[in-house]
Amino acid sequence: MSSDSPTSGFVAFVGAGPGDPNLLTLRGAELLGKADVVILDEDLHGPLLKHCRPGVEVADDDLVKHAKSGRLVVRLCEGDPMLFSSITEEAAALAAAEVDFEIVPGVPPATAVLGYAGIPPASSVPEFRVVDAAQDQDWSSHAACPGTLVIYNGITEAVAIGKALIAGGKPDSTPVAVSSGGTTTEQYTVVSSLGRLQADLKHAGFTEPALIVVGEAVGLRDKLSWFETKPLFGWRVLVPRTKEQSKSLSEQLTSYGAVPEEVPTISVEPPRTPQQMDRAIKGLVTGRYEWVAFTSANAVKAVREKFEEYGLDARAFAGLKVAAVGDATARALVEFGVKPDLLPSGEQSSEGLVAEWPPYDSMLDPINRVLLPRADISTDTLVAGLTELGWECDDVTAYRTVRAAPPPAPIREAIKGGGFDAVLFTSSSTVRNLVGIAGKPHNVTVIAVIGPQTAKTAEEFGLRVDVMADKASASALAAALAEYGAKQRSAALAAGDTPRRPSQNRRGARRRAK
């Protein structure tokens, strides 16, 4: 029974998938967005609550009770609700109570985890068998499976299962892969054989959920592994920026396999006195300036908000020349509807902007004035450079940057104790502010900086700089860190070692192979 627009109580059993929240089905996301109540198994699917409306009730109790009160209830189930699941009794209870329900399939771990581990479910032998070790199994019959055997809920008995399969006639050289935390950045896979399982799993520390995969298809992992071989796979990376600025950077880091954690170190606030900006906007509209130079996306945002306050839009820039210090600032301008006339082709900094800025020419330039809407703590480099070129500058405070509140204690402890694998510094102020609110990163943590000035500040605070972007942009910084991670991984493999994350090199860190 199902209903797209229930007028009375309704329950949807939604498969949450194997672990990666991005593997939720579109129908599952749609129902979560409409739900009045979400019922979870413990806290396994917390990230999926991002699809819910504000104020949704999260519960762990009676489905029938909530549905009978006329509410739309989503029951999140691990994996696929109909595969090795206990929803049969719950669905029967709903049917007995005459409550409509729907079952939304989920991506099952049996195929998804293998895909993320680089193991095809069926290769040369087109047979794929999935069994639940929690149920009584005839392992001798499973030993006769010529294809791929996938075992759920067997990690605590893995060695015994291996021996039972050998006793049933499976060669002890048969490849085996054991994978836990499948499809997430905690995924951890050990490849062994039935005869070596006891030795290879002795110190692995596996916990459920995990899968055991038996069969020749495991041998293809060396060629097909794509997830665990990402350059920053599993790296916990600190992104000390403002919340608005960190989204695209975090998405890029995630694409490299990292786990970004955004810790605001700077809070952006309006100027204490708005009159200076008011005069600047009036001058911009009335033709006081030849150029407007933007040195940050925050400056663009501040001007845009002032425009909206006065009922203006991008058309007010008609006849003006506009400069942007770098790609991120240029993107913010284009989103505003303004195409920059000048963008440094080399170093994206105040120095790079001055290097390409045309000198004032009274024959070509009817006005000799430049508007610089900037932060309250900006350096004088740009003003000095433009003045030397013959321009007059109105250096206006468009916004203030103040130090953010300290992060929660567990974050501070991870920063100082080596819990982070890398930290990205996108400005000198992020270095000063992070150290000020949370302390110095541990010496095993990789320090990545956006440019020479930020590197100098980091070194002044006693930090070893490991990575520097080839140009001053957050995207280039993330790419440089990924390149560093890939080189570290390649060097470890070339030396016959198991690649480790930087945090695994601290004293006392759990040293399991990744």
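What pairs from Lys282/Lys306; Lys301/Lys321; Lys34/Lys247; Lys50/Lys416; Lys247/Lys301 go past 20 Å between their alpha carbons? Before the final figure, lay out the partial values.
Numbers: Lys282/Lys306 10 Å; Lys301/Lys321 18 Å; Lys34/Lys247 26 Å; Lys50/Lys416 30 Å; Lys247/Lys301 16 Å.
Pairs exceeding the cut-off: Lys34/Lys247; Lys50/Lys416.
Once the whole set of protein chains is in place, how much accessible area is left on Glu459, using a 1.4 Å probe, in Å² to the nearest 10?
Answer for Glu459: close to 110 Å² accessible.
First measure r as the distance between the Cβ atoms of Glu98 and Thr25, then evaluate 1/(1 + (r/R0)^6) with R0 = 30 Å and state the FRET efficiency to the nearest 0.05.
Plugging the Cβ-Cβ distance into 1/(1 + (r/R0)^6) gives 0.65.
Lys223: which lysines have alpha carbons under 25 Å from its alpha carbon, excluding same-chain residues fewer than 8 sequence positions away?
Here the lysines satisfying the reach criterion relative to Lys223 are Lys170, Lys487, Lys514.
Using only protein heavy atoms and a 1.4 Å probe, report how much of Ile411 is accessible, in Å² to the nearest 10.
Per-residue accessible area (Ile411): approximately 20 Å².
Do the sum for the chain: with -39,500 (n - 2.57) for every DSSP H run of n ≥ 4, divided by all residues, what is the mean residue ellipticity at 222 nm, to the nearest 500 deg cm²/dmol?
On the way: 18 runs with 172 residues, N = 514.
When only DSSP H runs of four or more count, the value is -9500 deg cm²/dmol.
Expressed as cubic angstrom per residue, what is the convex hull volume of the alpha carbon set of the chain?
Convex hull of Cα atoms, per residue: 193 Å³.
In sequence order, what are the phi-derived ³J(HN,Hα) couplings for the range 114-131 according to the Karplus relation 6.51 cos²θ - 1.76 cosθ + 1.60 with θ = phi - 60°, rounded to whole Hz, with x for glycine and proline?
5, x, 6, 8, x, 10, x, x, 9, 10, 6, 10, x, 9, 9, 10, 10, 10
Can you tell me how much longer the chain between Ser248 and Glu483 gets when fully stretched, taken as 0.36 nm per residue apart minus their C-alpha distance, in nm with one decimal?
Gain on stretching Ser248 to Glu483: 82.8 nm.
Which far-off residues, 5 or more places away or on another chain, put their amide H under 5 Å from the one on Val396, with H placed in the peptide plane?
Here Leu372, Arg374 satisfy the definition.
Considering only protein heavy atoms, with the full assembly of protein chains and a 1.4 angstrom probe, order Thr265, Thr25, Thr88 by accessible area, largest first.
Numbers: Thr265 0, Thr25 40, Thr88 100 Å².
Accessible-area ranking of Thr265, Thr25, Thr88, largest first: Thr88, Thr25, Thr265.
Long-range amide H contacts for Lys230: which residues qualify at under 5 Å (H placed 1.01 Å from N, peptide plane, sequence gap of 5 or more or a different chain)?
Residues meeting the amide H criterion: none.
Taking 0.36 nm per intervening residue step and subtracting the Cα-Cα distance, what contour gain separates Asn443 from Asp278 on full extension?
Between Asn443 and Asp278, full extension yields an extra 54.7 nm.
Where in the range 404-430 does the amide nitrogen come within less than 13 Å of the point 7 Å from the Cα of Asp376, taken along Cα to Cβ?
Inside the label zone: 404.
As a test of reading the structure, rank His203, His142, His442 by solvent-accessible area (1.4 Å probe, protein chains only), most first.
In descending accessible area the options line up as His203, His442, His142.
How big is the Cα convex hull of the range 94-184 in projection, averaged over all directions, in nm²?
Mean shadow area of the hull around the Cα atoms is 8.2 nm².
Per residue of the range 146-158, what does 6.51 cos²θ - 1.76 cosθ + 1.60 with θ = phi - 60° give for ³J(HN,Hα)? Whole Hz please, x for Gly and Pro, Karplus curve as stated.
Once θ is set to phi - 60°, the couplings for the range 146-158 become x, x, 9, 10, 10, 10, 8, 6, x, 5, 5, 10, 4 Hz.
For the range 26-32, just list the computed ³J(HN,Hα) in residue order, Karplus coefficients 6.51, -1.76 and 1.60, θ = phi - 60°, integers in Hz, with x standing in for Gly and Pro.
Rounded to whole hertz, the list is 4, 5, x, 5, 4, 5, 4.
Give me, ordered by chain and number, the residues 5 or more places off Gly418 or on other chains with an amide H under 5 Å from its own placed amide H.
Amide H neighbours of Gly418, under 5 Å, 5+ apart: His442.
Computed over the Cα atoms of the range 127-229, what is the convex hull's projected area averaged over all directions, in nm²?
6.1
Can you compute the charge dipole magnitude of the range 237-308 about its Cα centre, using +1 on each Lys and Arg Cβ and -1 on each Asp and Glu Cβ, nothing else charged? Give it in debye, rounded to the nearest 20.
For the range 237-308, the charge dipole is close to 320 debye.
First check a/c for the range 186-226, with a ≥ b ≥ c the square roots of the eigenvalues of its C-alpha gyration tensor; if it is under 1.5, answer rounded, and if not, answer prolate when a/b is larger than b/c or oblate otherwise.
Verdict is oblate for the range 186-226.
Calculate the spin-label point distance for Ala491 paired with Ser86, positioning each point 7 Å from the Cα along the beta-carbon direction, and give it in nanometres.
With each label placed 7 Å out from Cα toward Cβ, I get 5.0 nm.
Please name whichever of Ser503, Pro452, Ala472 sits farthest to the positive end of the charge dipole of the range 372-514, dipole taken about the Cα centre and charges placed at Cβ: Lys and Arg +1, Asp and Glu -1.
Final value for the positive-end residue is Ser503.
Quick check on the range 277-405: what are the equivalent-ellipsoid semi-axes from the Cα gyration tensor, as sqrt(5λ), descending, whole Å? Please report the intermediate quantities before stating the final value.
Details: eigenvalues 83, 67, 42 Å².
They are 20, 18, 14 Å, listed largest first.
Quote to one decimal, in nm, the extra length available between Asp132 and Arg506 on full extension: 0.36 nm per residue of separation minus the C-alpha distance between them.
The span from Asp132 to Arg506 would gain 130.8 nm if fully extended.
Which of the trypsin sites (Lys or Arg not before Pro) found in the range 137-210 are in a DSSP loop and have at most 16 neighbouring Cβ atoms, other than their own, within 10 Å? Don't jump to the answer; show the numbers that get you there.
Details: sites: Lys163, Arg196, Lys202; in loops: Lys202.
Listed in order of number, the matching sites are Lys202.
The values are calculated or read from the model by the stated rules, or taken from the named source; none is laboratory data. Everything quoted here is computed from the prediction, not taken from an experiment. In this analysis, Cβ positions are derived from the backbone assuming ideal geometry, glycine residues included, and neighbour counts consider all displayed protein chains. For the accessible areas, the whole protein counts, side chains as well, though only heavy atoms, and no ligand, DNA or RNA atoms are used. Shrake-Rupley method; radii C 1.70, N 1.55, O 1.52, S 1.80 Å.
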